[in-house]
Structures are given as C-alpha cells and as structure tokens.
Ligand SMILES: Nc1ncnc2c1ncn2[C@@H]1O[C@H](COP(=O)(O)OP(=O)(O)OP(=O)(O)O)[C@@H](O)[C@H]1O
C-alpha cells in the first residue's frame, strides 16, 4: 500500500501495509470532516486542521492532552530521531555504504514506535492495541547487525569522540537523539502506558548507531578522534 506524507513535522500521516500510524493522523487525513484546499474531484487535503493551535493535541485513542505531555515529548523525540537518521543516511549513501537499507528499516520501525507511544494503554481499546502492537523482532535484528559489525571493528581501547567523517559524525548525532528519545519513553513505559519492547528497542538502537558510526569511519579510512585529557 502506498505511503504518503501529510505533514513535514511531528509524526507523519503514513498509511502502510494497512496499519495506520496514529488515529489522530488518520482522522485528520481520512475523515470526511477535514477541510480541503479546493472542492471537486482534485481536492487536496489541507495539511493543517488548526485543532492544535491552543497547545493541545490528540493521542491515537482520541484523548486530548497538552502538547507538553510526556506522550508528545516522546513522539517529538522519535520523529527527530528518524530525521537525524535520514540525514545520516544521505551522507552514508554518498559514500556508498552497504548498511543504508538498515537505516531505512530502522526509520520504519520508529514509525511503529510512535504508534505504540501514541496509544496510551489506559485509554486504548482492544482494536487500538492490536493495530499498534510492537514486536520484539526489531530488537533481535539490531543485535544481529551490531554483532556482525563488531566482528569487523578493532576493539575499543579508548574513549572516542563523535568524529570520523560526515557519515560517522551524523550517526553519532543520531545516537544522542536516540538516547534522548529513550529517556523520554522511560516514564511512559514505567507507568505501563507503552510496550517495554519500545524502550528496549531504543536502548539497543543507540548501541547500533554507535557501532555503525565506527564502522562507517573505518570503511571510509577516517580516523576517529580519541579522547585525551587536556594538559
Ligand atoms: N509539538 C508536537 N510534538 C510532537 N508530537 C505532536 C506535536 N503536536 C502534535 N503532535 C502529535 O502528532 C500528530 C500530528 O501533528 P499535528 O501537527 O497534525 O497535530 P495538531 O497540532 O494537533 O494539529 P494541527 O497542526 O492541524 O493544528 C498529532 O495528532 C499528535 O499526536
């Protein structure tokens, strides 16, 4: 099924493989009540509904919450993480790295992470839970990839600084955004509102990004800057 992006910021209105990323987006995109730029056969749905102008937005379960709620904080961080990975991937593509398909897979999984976060269990119906279920398989995939790269990398004997060329530095930046996303998801998982595997995935993802950053530097023959105690 085709994917389409409705809004450049926040979580996207993406419909793929029959799974809707969030009901709020679904409602905004698909419901008959939304506004259109023009009338007639070639109606273009408007990107904005203005329903968020007062600082409140919707969860997948239809709750209205203030935009500073943990849920939107975590959704925003997840979205930022996907953007950081997207930028890193562009640098990696320029250098012909073979792992870029993994970065796309991770970006897709991050959409599923967003769906799970956007569905607080306390207000979710069975159908919401089924649609936004998060599986453990992506965690196992990350571990397989990490182990394969680690076999090729020289062992780590020093602290390294984010460095090693544009691909590597961008992957390190994505790693740090990932850790922020993980921090913002932690209270949501702890309160039982999101799947614990979401937190595990983000924890493993920062290790993957660290490892693949080192791998990119190695493949480009770039030196990683080593931490030295200032004299
Ligand atoms: N500032 C934000 N940061 C992170 N997630 C957000 C933010 N604002 C909204 N969201 C989430 O992303 C979804 C899509 O964002 P969108 O900007 O369309 O929402 P909105 O601000 O409520 O609506 P609108 O922009 O049409 O007034 C929302 O339904 C909500 O789940």
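Please work out if residue 125 is in contact (Cβ under 8 Å) with a residue 60 or more places away in the chain and either more than 15 Å from the ligand (Cβ to nearest atom) or more than 16 Å from residue 175 (Cα to Cα) (or both). Explain how you work it out, then say what you get.
Working: in contact (Cβ under 8 Å) with a residue 60 or more places away in the chain: yes; either more than 15 Å from the ligand (Cβ to nearest atom) or more than 16 Å from residue 175 (Cα to Cα) (or both): yes.
Taking the combined requirement at face value, the residue satisfies it.
Determine whether the range 62-74 contains at least one residue that is more than 12 Å from the ligand (Cβ to nearest atom), farther than 22 Å from residue 132 by Cβ and either more than 22 Å from the chain's Cα centre (by Cα) or at pLDDT 95 or above (or both).
Filtering the range 62-74 for residues more than 12 Å from the ligand (Cβ to nearest atom) gives none.
No, that holds for no residue.
The values are calculated or read from the model by the stated rules, or taken from the named source; none is laboratory data. All values reported here derive from a predicted model rather than from experimental measurement. Here the Cβ is made from the backbone with ideal geometry for all residues, glycine too, and neighbour counts use every protein chain on show.
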